[in-house]
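A quick write-up on the structure given underneath.
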Amino acid sequence: MNQSALHPCFLGPYGENDQLLESLMVEFLRDHVYWRRNLHPEDLPAIPTGANRQPDYIAFESRLRRELHLLSAALKRSVPFHSPRYLGHMVSDLLIPGLAAQMLALPYNPNNVSADAAPITIDLELKAGLQLAEMVGWPADPGRDDCAFGHLTSGGTLANLQGLRLALSLKAFPVALCAAGVPLPGLPGDDWEAFNTGPDAATALFAQWCAWRDALQPRERQAWQRRVDAQRIETLGLSGFLDRHPQLSTPCVFAPATAHYSWSKGMKMLGLGRAQLALIPGQAMRLDVDALEESLEDCLKLRQPVLMAVGVLGSTEFGTIDPIDRLADVRERMQARGLGLSLHLDAAWGGYLASLFRDADGRLRTREEVATGLRAFPSPGVHAAVAAIPRMDSITIDPHKLGYLPYGSGAFLCRDQRAIGLLAEDADYVFDGAPGAGYFERHRQLGRYIPEGSKPGANAAAVYVTHRVLPLDHDNFGRLPAQGILAAEAFMDEARGFIERIAPLATATVPFAPDCNLVCLAMNPRGNRDVARMNRFMHGLHDALRADPGQSMQRGEYFGSMTTLRPEAMGPTDTARVLQALRLDAHALDDGSEDRDRIVILRHTLMNPFLLDGGGAGGGYLRGYFDYLERLVAAALAPGARAACA
Ligand SMILES: Cc1ncc(COP(=O)(O)O)c(C=O)c1O
């Protein structure tokens with residue numbers, strides 16, 4: 001890995017690239033001012049030249065400066081995400097292309113709800129969607145009917161919600177079409193069949209309906225549109241829709257036990273109910289596809305409709321990657337037997353790993369090619385999972401996580417642009433006139449499809465420009481996730497030494513080997529058999545590792561995060577293995593009380609691009625981290641300190 005390729009990309013831990021960023025900021029702020037001046041140079045300045053010498057102006061400026069100084073001072077207590085000493089959540093330093101593009105675009109204040117409010121950045125958002133689609137291996141040529149489509153969201157939570165919305169629309173639309181009596185050939189025979197059409201056939205049906213409708217005379221067209229709309233779930237609501245179709249019931253969603261809590265939120269927001277979200281216990285924190293298939297078999301037998309199955313590419317807490325290829329196989333088998341369901345990939349965290357797997361011409365690299373220079377990544381399973389991403393129907397990828405961009409940028413992608421029209425919401429004051437025929441003309445009125453209304457165009461500029469400066473292939477953007485994988489390998493090496501060194505004091509283990517650059521560590525004081533005591537000890541370590549706004553940030557030498565392991569998520573085999581590794585009894589978690597039903601662990605996200613530099617206690621940041629942890633463990637378990645974790 002050529003480290004120097006990363007040097008211009010970030011402001012840097014020490015602000016090393018301050019001049020680059022500053023000169024860009026000054027240049028483009030001036031540029032913005034010239035733009036204002038040149039709009040109608042014949043207009044006289046509204047603010048008089050001498051205004052800044054007036055008492056009100058001076059008073060205003062001093063209040064402004066004071067408040068900004070206070071803000072700036074307060075922000076010094078922010079979490080130092082940019083630092084290689086920060087190993088906590090899924091965030092790191094920001095890429096200069098994104099930061100500069102976002103700050104450049106901010107004073108123009110584009111609103112990507114519609115082309116009226118964002119003539120430039122809305123197309124950048126659509127193009128960013130296509131860039132991401134290409135990275136995951138979907139058709140991204142806007143001239144193709146089946147080209148993919150993507151848009152930005154405020155984050156992964158809303159992108160996941162959008163996945164649920166689209167899946168529900170696709171599931172219910174064929175039922176509405178039949179109920180409206182639309183005379184199209186080959187419609188499903190009954191409600192159950194229609195509800196199980198599956199996303200591909202439902203998308204084709206929707207396209208067929210649109211073509212048929214658009215060929216009608218205007219009056220007839222409107223009448224049919226009203227008839228179909230009147231039957232749609234979006235008009236009737238879930239209960240009204242199900243009342244009309246007694247063969248059907250609320251569809252459920254399957255997700256791995258590692259699923260992010262946004263899935264539960266989404267189920268509630270859509271009125272499907274959290275009870276319809278079935279979490280499948282994992283195997284080593286990866287989706288147990290056999291267990292999923294058994295559950296789907298039960299659904300088929302009981303005629304329980306299924307909306308979607310979720311796969312996770314990079315779980316929030318363990319960095320594990322589900323067997324996406326096998327998930328896609330199961331869906332095919334179930335679809336062939338009459339149980340239709342959508343597949344959504346939650347790659348909010350791991351989505352950008354796909355850049356490592358692509359050549360500049362879009363070719364998927366072989367496992368051996370991807371593995372060059374890396375030790376064990378990607379495993380055959382991970383390579384097969386990434387290769388199978390194109391078999392998903394929709395995907396969440398967060399530029400504000402492994403994309404190293406400012407917060408406020410998630411992305412939702414769907415494989416076939418024709419499906420997205422199902423989500424359209426009309427409002428004449430914003431989306432005047434029929435959408436045009438080309439890809440950009442059709443999708444430019446983004447507000448019709450997105451869950452939000454107004455949304456920042458500056459974020460779209462940041463994502464697009466970043467992908468242009470660092471194209472999403474292994475030779476460009478891919479260097480960043482590759483650096484993260486190297487950091488994870490180095491972390492595992494350091495962890496092995498640490499585990500040996502602290503053995504006289506505590507038993508430590510990496511409970512689940514990660515598939516990418518997110519690694520956890522579990523620890524139990526030597527001789528301890530009580531889960532509650534172990535958890536107090538781990539909470540104590542985490543207290544020292546978390547950013548505490550009440551204290552100076554220099555106080556903490558390193559920053560980490562925590563999570564828990566629960567038996568219901570781990571499954572019996574992994575629970576037994578982890579308990580044994582921590583020298584706890586097989587029944588240590590059976591107590592049922594809140595502090596004994598889970599294992600508190602430390603969680604490390606290894607995405608800082610300079611983590612492998614020589615800084616931090618001389619032996620590098622990772623060595624420095626483990627030295628620090630060793631000192632924390634020794635202090636917590638020193639005889640005088642025993643009360644703290646007793
Ligand atoms: C796998 C996964 N999905 C969804 C989300 C939610 O993303 P956001 O916090 O951007 O809404 C996260 C956040 O960590 C995540 O890790």
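The values are calculated or read from the model by the stated rules, or taken from the named source; none is laboratory data. Values in this document were obtained by computation on a predicted structure and should not be read as measured data. Cβ sites come from the backbone with ideal geometry, for glycine too, and all protein chains shown count toward neighbours. Accessible surface areas use protein heavy atoms only, side chains included; no ligands, DNA or RNA. Shrake-Rupley method; radii C 1.70, N 1.55, O 1.52, S 1.80 Å.
Placing unit charges on C-beta atoms (Lys and Arg positive, Asp and Glu negative, everything else neutral), compute the dipole magnitude of the range 392-539 about its Cα centre in debye, rounded to 20.
Working: 15 positive and 17 negative charges, 125 e Å.
That gives a dipole near 600 debye.
Given L565, L622, H69, which one lies farthest toward the positive end of the charge dipole of the chain, if we put +1 on the Cβ of every Lys and Arg and -1 on the Cβ of every Asp and Glu? Positive-most Cα among the choices belongs to H69. Taking the empirical scaling 2.2 N^0.38 Å for compact globular proteins as reference, the chain has a Cα radius of gyration ratio of 1.05.
Roughly what percent of Cα-Cα pairs across the range 35-192 reach past 28 Å? The proportion of pairs with Cα distances above 28 Å equals 57 percent.
Averaged over its residues, the range 102-198 has an accessible area of 31 Å² per residue, based on protein heavy atoms and a 1.4 Å probe. Return the whole-Å distance between the Cα centroid of the range 17-38 and the Cα centroid of the range 106-134. So the separation of the two Cα centres works out to 21 Å. Along its principal axes, the range 359-452 has C-alpha extents of 57, 29, 22 angstrom, given from the largest down.
The range 197-244 and the range 497-557 have Cα centres separated by 55 Å. Counting protein heavy atoms only, the chain has 54 percent of its accessible area on carbon and sulfur, 1.4 angstrom probe.
Grab the Cα-Cα distance for D190 and W212, subtract it from 0.36 nm times how many residues apart they are, and report the gain in nm with one decimal. Length gained between D190 and W212: 5.8 nm. Placing a label point 7 Å from the Cα of A201 along the Cα-to-Cβ direction, the residues of the range 230-251 with a backbone N closer than 19 Å are 247-249, 251.
For R546 and R226, what is the calculated FRET efficiency with R₀ set at 45 Å and r taken between the beta-carbons, to the nearest 0.05? My answer for the efficiency is 0.20. The lysines whose alpha-carbon is closer than 25 Å to the alpha-carbon of K127, local same-chain residues fewer than 8 away aside, are K401, K455.
The simple Förster model, with R0 at 45 Å and r as the Cβ-Cβ distance, assigns L75 and E425 a FRET efficiency of 0.75. Computed from the C-beta positions of L44 and E67, the FRET efficiency with R₀ = 30 Å rounds to 0.45. Given their separation in residues at 0.36 nm each and the Cα-Cα distance between them, R274 and D243 gain 9.1 nm when the chain is fully extended.
Fully extending the segment from F440 to E500 would add 15.8 nm, taking 0.36 nm per residue of separation and subtracting the current Cα-Cα distance.
This model, with +1 at the C-beta of Lys and Arg and -1 at the C-beta of Asp and Glu, gives the range 282-394 a dipole about its Cα centre of some 160 debye.
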